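Step one of this worksheet: look at the structure below.
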Amino acid sequence: MDKHTIYHIADRVGMSPSTVSRALSGRGYCGPKTKEKILAVAKELDYAPDNAAKMLKMGRTNKIIFAVPDICNPFYFDMINGINQVLEAHGYLMILIYTKHSLQDELKAIQNLREKVADGMIMVSFNFCEDNIGAINAANAPVVLTNAYRSPQGGDRFDYVYVDTYEGIRLATAHLLDQGIERIAYLGGSLSEQTGYQRFCGYREAMREAGLPIADALVAESDYTEKGGYLTARSWFEGPDRPQGIVAANDLMAIGIMKACEEAGLRIPEDVTVVGMDNLDIASRVYPKLTSVAMQQEEIGRQAAEVLMRRLQGDRSRQQGVRLAPALVVRESSMRAAGVRVPDMQVLGMQEQE
């Protein structure tokens, strides 16, 4: 059977199509009894609105793209929840695009936005650069990044909401230094990428503040996976000068490091202290419980979606940047000495407008 339209409903109830449209959309006045009758007939006919026609008429899809580099990382689950809280309240749906940590796939996601597959986009990338930023600026649609970025020449056409990961890694490293641990290894992402380099700089700054040299052998790049953390730590433990403490740029790598410790017969925290980043739920379920930097994933998603909705509602103010503060959540994996001074934790939800 052909799909029923508002004209079929109008014919059945003996009313004008415009009256039926007001009843179904909830926009404009329609008496309660009339609306009840129309809705009953719509249900009987199994009516569903023609979204393609609606999109052509309204010039909107009521969809948002969320582009992420890794759909297997639990970090993004809370971010999705935060985004959805806002989108549902505004009648929007999310299109999830997996970019596989690939610039070419990121450019494809941006091209989907240019082709009006969605009205706007929230984008996660490990490395915002001239190529993807140039495409975003040319997209002619609102975009919110989850890293801070400003083009040298200015004129950017996007907003950003981010957690200061530089400060997060600096806090994590300083926490180990405060316990007298000096031989601290760092495991992060690629130093050639924006995210990887920013986090490394936090580690480097904490070591400099303590007046300690950085051993090249104890700085490693990996892929933010549990396997990557495991393989790197195993190579450290097989060497002559194993680290006393390890700071990992995410929790998945930290958990891989803990597995390598177990296989090597090293106790945590007595032999090796470990700190991660992201504060995933699993951090409080592993043994020993993992010290981690809370990254406010859900809040990032919620605020990014709120900024995006304001743009779609006509906000034309200058580029907006929202900084969220990290918080060090101290657990057993890093507490070697009793009475250690723990850095003051930032209040969750703190933000700064840039």
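Where a number appears in this text, it was derived from the coordinates with a stated rule and is not lab data. No experiment lies behind these values; they were computed from the predicted model shown. Please note: Cβ atoms are built from the backbone with ideal geometry, for glycine as well, and neighbour counts cover all protein chains shown.
Numbers for the structure displayed
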item	result
Cα pair distances exceeding 27 angstrom across the stretch 126-284, given as percent	29 percent
Estimated FRET transfer efficiency when R0 is 45 angstrom, pair Arg12-Glu298 (beta carbons, to 0.05)	0.50
Cβ-Cβ FRET estimate between Leu93 and Glu36, R0 fixed at 22 Å, reported to 0.05	0.20
Positive dipole terminus of the chain, leading residue within Asn279, Ser317, Thr99 (C-beta point charges)	Ser317
Inter-probe distance in nm under a simple model that places probes 7 Å from Cα toward Cβ, at Gln104 and Asp241	4.1 nm
Extension reserve of the Glu205-Ala48 stretch, reckoned as 0.36 nm per residue once the Cα distance is removed	50.7 nm
Of Tyr92, Tyr162, Tyr224, the one that fluctuates the most in a GNM where the chain has Cα springs shorter than 10 Å	Tyr92
Neighbour-limited loop hits for GluC sites (Glu not before Pro), the stretch 181-228 (at most 15 other Cβ within 10 Å; DSSP other than H, G, I, E, B)	Glu182
Gain on full stretching of the segment that runs from Tyr197 to Gln313 - 0.36 nm per residue minus C-alpha separation	38.2 nm
In the stretch 69-165, GluC sites (Glu not before Pro) in a DSSP loop with at most 14 other beta-carbon atoms within 10 Å	Glu115
Three semi-axes of the equivalent ellipsoid, the stretch 11-140, Cα gyration tensor, whole Å, largest first	40, 16, 11
DSSP-loop trypsin sites (Lys or Arg not before Pro) across the stretch 79-128, with at most 13 other Cβ within 10 angstrom	Lys100
Estimated FRET transfer efficiency (Glu182, Gln85; beta-carbon r; R0 41 Å; 0.05)	0.40
Per-residue [θ]222 nm for the chain (sum of -39500 (n - 2.57) over DSSP H runs n ≥ 4, rounded to 500)	-12500 deg cm²/dmol
Dipole magnitude (debye, nearest 20) for the chain, charges at Cβ of Lys, Arg, Asp, Glu	1560 debye
Paramagnetic reach from Arg285 (point 7 Å along Cα→Cβ, amide N under 20 Å) across the stretch 60-101	71-82
